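One structure below.
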Amino acid sequence: MPTIFSSHELILRLAQQNQPQYIEALYSYRSTLHRGTPAPFMIVHGILAQHLKEYSHIVEQIRTDASSQDIFGQASECSEWRKP
């Protein structure tokens, strides 16, 4: 990862490098709804992004409103992180 990266970039990298585990996580949340619609990607990505906060010894959250594209190429906002 570059020195400064977004949650979306990290999630994409994790999905690419850990495909079986990523698929299992999505499958685990296949029936979880958000506003009445199944949202496994949204739930898993949110969990991954939240867990990154537990690693303050290796990354620092520098903002929560960075413009980014999600894994589907849709414009949205996410956190931005910096490695020390």
Neighbourhood net charge (13 Å Cβ-Cβ; Lys/Arg +1, Asp/Glu -1) for Ser79:
-3
Relative exposure of Thr64, Thr3, judged by other C-beta atoms within 10 Å (fewest first)
Thr3, Thr64
Between Gln74, Gln21, Gln50, where does the largest GNM mean-square fluctuation fall for the chain, given springs only between Cα atoms within less than 10 Å?
Gln74
Under a Cβ-Cβ cut-off of 13 Å, what is the net charge of the residues other than Thr3 that fall near it, where Lys and Arg count +1 and Asp and Glu count -1?
-1
Could you compute the FRET efficiency for Glu77 and Leu33, with r as their C-beta to C-beta distance and R0 at 22 Å, rounded to 0.05?
0.45
Based on the Cβ-Cβ distance of His57 and Thr3, what FRET efficiency does E = 1/(1 + (r/R0)^6) give at R0 = 25 Å, to the nearest 0.05?
0.95
Based solely on its DSSP helices, what 222 nm [θ] is calculated for the chain when runs of n ≥ 4 H residues each add -39,500 (n - 2.57) and the sum is averaged over all residues, nearest 500 deg cm²/dmol?
-12500 deg cm²/dmol
Packing-based exposure ordering (other Cβ within 10 Å, fewest first) of Arg35, Arg82
Arg35, Arg82
Which shape class, rounded, prolate or oblate, goes with the chain when its Cα gyration tensor gives a ≥ b ≥ c as root eigenvalues, a/c under 1.5 marks rounded, and past that a/b bigger than b/c marks prolate?
prolate
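Throughout, read-outs are computed from the coordinates displayed, never taken from laboratory work. Treat the numbers as computed from the prediction; the structure is a model and nothing was measured. Neighbour counts run over all protein chains shown; Cβ positions are idealised from the backbone, glycine included.
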